[in-house]
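These notes are about the structure you will find just below.
The values are calculated or read from the model by the stated rules, or taken from the named source; none is laboratory data. Just so it is clear, the structure is predicted and the values come from calculations on it, not from any experiment. Positions of Cβ are backbone-derived with ideal geometry, glycine not excepted, and every protein chain shown enters the neighbour counts. What goes into the accessible areas is simple: the full protein's heavy atoms, side chains included, and nothing from ligands, DNA or RNA. Shrake-Rupley method; radii C 1.70, N 1.55, O 1.52, S 1.80 Å.
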Amino acid sequence: VQLVESGGGLVQAGGSLRLSCAASGITLRFNAMGWYRQAPGKQRELVAGIFSNGVSTNYAGSVKGRFTISRDNAKNTMYLQMNSLKPEDTAVYYCNTYPPRSYWGQGTHVTVSS
């Protein structure tokens, strides 16, 4: 299994980014999947999850209403649209199953400047 995150970068507060998670060796539509993040000095946390039906989702309270998780079955790729970004969203973002297995990739860095 390989999960490759991309789309991170440096953005000003209030800006947007779209993260992608390209999967191989695992079919996303058969699995509940999640986006996780780890800020400096903090534990990794679940940001958003999408269930195998592709419809049911859940979000951490800190991102609800600002982030949207989605999935493209044809591309076997998952996305995280992040709007109204805040400095506290700065972290390395990872994708994995939900709950997570030992599939951690390199992550993609998101830095939000104030």
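Numbers for the structure displayed
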read-out: Residue within region 18-38 that is more than 23 Å from Gln106 (Cβ to Cβ), touching a residue at least 12 places away in the same chain (Cβ under 8 Å), in contact with a strand residue (DSSP E or B) (Cβ under 9 Å, 6 or more places away or on another chain) and among the charged types (D, E, K, R) present; value: yes
read-out: Selection within region 24-79 - aliphatic (A, V, I, L, M) and touching a Gly at 6+ places or on another chain (Cβ under 8 Å); value: Ala32, Met33, Leu46, Val47, Ala48, Ile50, Ile69
read-out: Meets criteria (touching a helix residue (DSSP H, G or I) at 6+ places or on another chain (Cβ under 7 Å) and either in contact (Cβ under 8 Å) with a residue 60 or more places away in the chain or open to solvent by less than 50 Å² (accessible area, probe 1.4 Å) (or both)) for Val47; value: no
read-out: Condition met for Ala22 (surrounded by fewer than 15 Cβ atoms within 10 Å (Cβ to Cβ) and among the aliphatic types (A, V, I, L, M)); value: no
read-out: Qualifying strands (runs of 3 or more DSSP E) (wholly inside region 1-79; at least 1 residues being among the aromatic types (Phe, Trp, Tyr)); value: 33-38, 57-59, 67-72
read-out: Failed criterion for Ala60 (all others in (1) free of Cβ contacts under 8 Å to residues at least 40 places away in the same chain; (2) in contact with a strand residue (DSSP E or B) (Cβ under 9 Å, 6 or more places away or on another chain); (3) within 26 Å of Ser113 (Cα to Cα); (4) open to solvent by 30 Å² or more (accessible area, probe 1.4 Å) hold); value: (4)
